[in-house]
Amino acid sequence: MKMSNMLISTLREVPAEAEIDSHKLMLRAGMIRKMASGIYNYMPLGLKALKKVEDIIREEMNDAGAQEFLASAVLPAELWQESGRWDVYGEEMFRLKDRNNRDFCLGPTHEEVFTDIARNEIKSYKQLPVNLYQIQTKYRDERRPRFGVMRSREFIMKDAYSFDKDQAGLDLSYNKMREAYIKIFNRCDIDAKPVEADSGAIGGSGSAEFMVKSEVGEDDVVFCSACDYAANIEKAPSTPEVSEKEDLKDLVKTETPNIRTIEELVKFFNTTEKKFAKTLIYNADGKVVAVMVRGDREVNEIKVSNALGGVVNLNMATTEEVLAATNAQVGFAGPINIKVDTLLVDEEVRNMYNFIVGANETGYHIENVNYGRDFEGIVGDYRNITEGEKCPSCGAKVNISRGTEVGHIFKLGTKYSEAMKATFIDENGKEKPFIMGCYGIGVTRTLASIIEQHNDENGIVWPLEVAPYHINVIPVNIKDEAQMEVASKIYEELKSIGVDVVLDDRNERAGVKFKDSELMGIPMRVTVGKKISDGEVEFKLRTAEMETIKIEDVVNRVKEEFNKNKLTIR
């Protein structure tokens, strides 16, 4: 492609709306342009890079035995009503009606569609296993779109669904997808680690997220300092700290006027956070639930939702709901005689002695409270694991880092096939539900993650396989016929062997061309200048020093870089 024919719209200044490197650089390099909050147009350069990522995904999915198809993005409500998700999916779903007043949605995910395809097309165990995938736009009305294409309302996803006759088949399909994902992210040259994860609203018995470490990531990821254990903090089990045993003391109600927070209480009682148990009150799908954790701990709302049987909407209780449950203002809740539908007690609290809680009376707390003697509840793990706790796998200390999810794989089992009566005839002539798996990759998020991990002060540093263009041929002076002749010859030779090459034939200063080339992240650059009189040009890798090479050696030098990256060209 000749740059004089390209729509080039690089920016020198960082747009005010951009917060993270990938967002800044995608805007500055002219890869994307904003249409509305969380909605972006992909410009030619951005689309070309996006297609490179899609090509990698297709190759690895096909190699793993999956078959590509394409579903509609406009989905009828009836399918979602069959699975039971139409009324519970939440406000992220874009809903619409057609001219006949029938309900539809813009697909946020496609479990129902794939299940419908399977029940209509697959009749016998002889047709199994089957793995179908698509690369398609999804729509979710995010409450807070941010970070460019990292969290947007319209995004491209690769979603695949496997259909097997039994659990052993699902395990095999799941492991194939896990290995395919590892290959995909390795080829994209991003460090994406598979971590244990909660299945969330998708459902199923087991799942793993592929996370990239990121300071602006929206998830906390737990990594063991000694073994390979890694998990989303939502999933990671905590290890209760053992309290020193004490003789049980009598209850003492103490006036604590206008003292509500743990920090204030620690000062008032002249003790530590470990001597307190705080009681948080939630509305869980219309029921009032209280959760107790130690004073220095944080409630893990995913664990709470799972303990309650998969709650869809878990929100902090209103002031009115707190008053009804405790007869007190916010800040004085405690477990003794609390009026809630369910009381969940973290296992660490059960093992504490003589601790302090709210008295369910405004301005008062109770000292020397003990589980079993003074109150009871449903004991379990309801809190976040913390930095330095024991690894659930080996017992070494864990570290916690921020991360961004780029892929997620699930063992769905029969969650959707049973709900939607998607069955096949097995070897014995009996009707059985499909055993399903679900496998997603955020394609646009993967593209942004590549940029997050590959950039410097001058712009993007594309890995060769996903670079929109591999090499930029820059004639210093386009009015110099000899320079243009050599530059055009190199350009045509590289094109002929299948290299994505751009010829910067714009009437701009060489410095402008160099800056644009670095901002766009083009991995290789050939500068055609006055040295052609000696039969030489300058060759430069994006992050290396300039080399002077013979004109006739350019093609071989480019091939050498492809070989180093284990890529083939003609």
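None of the figures in this text is laboratory data; all of them are computed from the coordinates on show. Given the structure is predicted, the values throughout are model-derived calculations rather than measurements. We place every Cβ from the backbone using ideal geometry, glycine too, and count neighbours over all the protein chains shown.
Size check on segment 136-234: the Cα extents along the three principal axes, sorted descending, read 40, 37, 28 Å. Loop-located GluC sites (Glu not before Pro) in segment 515-550 (DSSP state not H, G, I, E or B) with no more than 15 neighbouring Cβ atoms inside 10 Å: Glu545.
Figure the gain on full extension for Val242 and Leu11 (residue separation times 0.36 nm, minus the Cα-Cα span) and round it to one decimal in nm. Kindly include the intermediate steps, with their values, before the conclusion.
On the way: separation 231, 0.36 × 231 = 83.16 nm, distance 5.72 nm.
The Val242-Leu11 span can extend by a further 77.4 nm.
In segment 469-564 the Cα-Cα distances spread across 5 Å bins starting at 0 as 3, 14, 28, 28, 20, 6, 1, 0 percent of all pairs. Backbone phi angles across segment 417-424, fed through the Karplus curve with coefficients 6.51, -1.76 and 1.60 (θ = phi - 60°), yield HN-Hα couplings of 5, 6, 4, 9, 6, 8, 10, 9 Hz in residue order; Gly and Pro are listed as x.
Here the extension length gained between Val512 and Glu121 equals 135.1 nm, from 0.36 nm per residue of separation less the Cα-Cα distance.
For the peptides 64-73, 156-165, 133-142, residues were scored by their other Cβ atoms within 10 Å and the scores averaged per peptide; the highest-first order is 156-165, 133-142, 64-73. Unpaired cysteine residues in the chain (no second Cys Cβ under 4.7 Å): Cys105, Cys188, Cys438.
The charge dipole of segment 236-354, taken about its Cα centre with unit charges on the Cβ of Lys, Arg, Asp and Glu (plus for the first two, minus for the last two), comes to roughly 120 debye. Modelled label positions at Ala36 and Lys550, each set 7 Å beyond Cα in the direction of Cβ, lie 6.1 nm from each other. Between the amide H of Asn313 and those of Asp285, distances stay under 5 Å, these residues lying 5 or more places away or on another chain, with hydrogens modeled in the peptide plane. Candidates Ser207, Tyr174, Gly529 compared by Cα position along the dipole of the chain: farthest toward the positive end lies Gly529, with charges placed on Cβ.
Positive-end ranking of Ala71, Gly413, Gln127 along the dipole of the chain, with charges on Cβ about the Cα centre, is headed by Ala71.
About its Cα centre, the dipole of the chain is roughly 1120 debye, where the only charges are +1 on Lys and Arg Cβ and -1 on Asp and Glu Cβ.
Magnitude of the charge dipole for segment 364-501, about its Cα centre and with charges confined to Cβ atoms of Lys, Arg (+1) and Asp, Glu (-1), is about 600 debye.
Set against the 2.2 N^0.38 Å expectation for a compact globular protein, the chain has a Cα radius of gyration ratio of 1.19. The peptide list 382-390, 14-22, put in order of mean Cβ contacts within 10 Å with the highest first, becomes 382-390, 14-22. Were the residues from Val312 through Lys253 laid out at 0.36 nm apart, the gain over their Cα-Cα distance would be 17.5 nm. Taking the DSSP bridge list for the chain and keeping only pairs wholly inside it, about 80 percent are antiparallel.
Sort Phe375, Phe147 by Cβ crowding within 10 Å, fewest neighbours at the top.
Phe375, Phe147
Applying 1/(1 + (r/R0)^6) with R0 = 22 Å to the Cβ-Cβ distance of Glu142 and Gln81 gives a FRET efficiency near 0.40. Candidates Ala359, Leu519, Ile435 compared by Cα position along the dipole of the chain: farthest toward the positive end lies Leu519, with charges placed on Cβ.
Output needed for segment 74-136: three equivalent-ellipsoid semi-axes, defined as square roots of 5 times the C-alpha gyration tensor eigenvalues, in descending order, whole Å.
Its equivalent ellipsoid spans semi-axes of 26, 13, 11 Å.
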